[in-house]
Amino acid sequence: MSERSFRFSHAITRRPPLSAVHGLRAEDVGNPDSDVLMRHHDAYVLALRQAGVDVSVLDALEEFPDSLFVEDTALCLQEGAVVLRPGAPTRFGESMAMSPHLGDVYSEVRQLAGPGFVEGGDILTTETEILVGRSARTNAEGIAELREAVADWGYTVRELTTPPGVLHFKSDCSLLDGSTILSTPRLSASGCFEGYTVVDVAEGEEPAANSIRVNDVVFMPSGFPLTTERVRDAGFVVIELENSECQKIDGGLSCLSLRFTPS
Ligand code: CIR
C-alpha cells in the first residue's frame, strides 16, 4: 500500500499574529498568551523539521486572527492543491492569501467554484478516499464542489457528518497510518470508519483525537496520557507537543500546517 496519506516532504505554516488573542472560539476560556503561543509554534515547526519535512513559515497576517490555522485554507494532494472557501466569514480572505504560496510549489492549483464552503479541518485524506464532514463551516454544496475539483485526479470524496457541537470533522479524528484512525468514540460509533482499524481516544481526552501522523512519528497534544499510551501500544512512535494556547481558540495540531508531497 502506498503511504502518500502520511509521508510528507513539505509543509506550510504561518506565524501566529498578535491578533490571535481575538481568534474565534466556541467557548471563552481566556485568551491565548502570545509569547507562549509563539514558543509552542516554534516547537511545532522544529518538530516537523526533525520529522524530515521542509517547512515554510509564512509571515503573520495581523488582519486575520485565525490565520495561523493554515490547514483550513486548502487541500493539498500529490497531483495539485485546491484552494478552499472557509465557512467563517472572518476567515474567507485567508485562502486568497495562501493561494500564491501554493502556486510556488504546485504546477496545478485549483479553486473551489463556490458558492459552497469547505474548511480543511473537515477533511481527512486516507490512502483510499477523502472523507469530508458537514459542519457549521462546511456544507453539502462545498463538498460537491470539492468532489468535482479532485475527480480527475482519481480521488473519491465521501460526505459524512461532523458530530453536533464539534468545530471540525478532524477535531474528532486523525489518521495514524493508511488504514488506522484515531477517533473519539462519539464519532467512531457512527460507523463511518467501517473497514478501518480504529483506536478510540480515552474518555475525557477528546482533544487528543486531533493528532497528526508525519512520516515515522505521530504528533499528539500533551496532557492526554491515556490516549498517548493507547497510540504507543498500537505500535506508533509518539511525540507530544504543547498546544494549550491554540486550544483556547479551538485549534488542534493539524490546523497549524498544510502537509504535502507534490509530485
Ligand atoms: C476557528 O474557529 O476557525 C479557529 N479559531 C480554529 C480553527 C481550527 N482549525 C482546524 O481545526 N483545522
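Rounded to the nearest 5, what % of the DSSP beta bridges within the chain are antiparallel ones? Could you put the intermediate results ahead of the total?
Numbers: 17 of 38 bridges.
Taking every DSSP beta bridge within the chain, about 45 percent pair in antiparallel fashion.
Give the distance, in whole Å, between the Cα centre of the stretch 1-58 and the Cα centre of the stretch 173-212.
A separation of 21 Å, based on Cα centres.
Looking only at the stretch 51-95, which residues have a backbone nitrogen under 11 Å from a spot 7 Å from the Cα of Ser179 in the C-beta direction?
Once the point is set 7 Å along Cα→Cβ of Ser179, nothing inside the stretch 51-95 turns out to lie under 11 Å by backbone N.
For the stretch 1-155, what is one quarter of the convex hull surface built on the Cα atoms, given in nm²?
Spelled out: convex hull of the Cα atoms, projected over all directions, averaged, 9.5 nm².
Between Arg7 and Asp54, what is the spin-label point distance in nm, taking each point 7 Å from the Cα along the Cα→C-beta axis?
Those two pseudo-labels are separated by 1.6 nm.
Give the range of the longest stretch in the chain that excludes all GluC sites (Glu not before Pro) found in loop regions by DSSP and having at most 10 other beta-carbon atoms within 10 Å.
Within the chain, the longest run free of exposed GluC sites (Glu not before Pro) spans 28-193.
Residues in the stretch 50-94 near a label at Ser263, defined as backbone nitrogen under 20 Å from the 7 Å Cα→Cβ point?
75-83
Where the Cα atoms of the chain are projected onto their three principal axes, how long is each span, largest first, in whole Å?
That gives 43, 42, 36 Å along the principal axes, largest extent first.
Per DSSP H run of at least 4 residues, take -39500 (n - 2.57); add these up for the chain, divide by its residues and hand me the 222 nm value, nearest 500 deg cm²/dmol.
Result for the chain: -6500 deg cm²/dmol, rounded to the nearest 500.
What Kirkwood hydrodynamic radius, in Å, does the stretch 122-247 give when the mean of 1/r is taken over all pairs of distinct Cα atoms and then inverted?
15.0
Once phi is turned into ³J(HN,Hα) by the Karplus curve 6.51 cos²θ - 1.76 cosθ + 1.60 with θ = phi - 60°, what whole-Hz value does each residue of the stretch 42-57 show in order, with x for glycine and proline?
The phi angles translate into 4, 5, 5, 4, 4, 5, 4, 4, 5, 8, x, 9, 7, 9, 8, 10 Hz.
Per 0.36 nm of contour for each residue apart, how much would the distance between Ala189 and Ser244 grow if the chain were fully extended, relative to their Cα-Cα spacing?
17.0 nm
Rounded to two decimals, what ratio of Rg to Rh does the stretch 188-251 give with C-alpha atoms and a Kirkwood Rh?
On the way: Rg = 12.2 Å, Rh = 12.6 Å.
Rounded to two decimals, Rg over Rh is 0.97.
Under 5 Å between amide H atoms, partner at least 5 residues away or on a different chain: which partners does Leu176 have, H built in plane at 1.01 Å?
Ile181, Leu182
Every number in this text was worked out from the coordinates using simple rules, so none of it is lab data. Note that the structure is predicted; figures quoted are calculated from it, not measured. Virtual Cβ from ideal backbone geometry, glycine too; neighbours counted across all protein chains shown.
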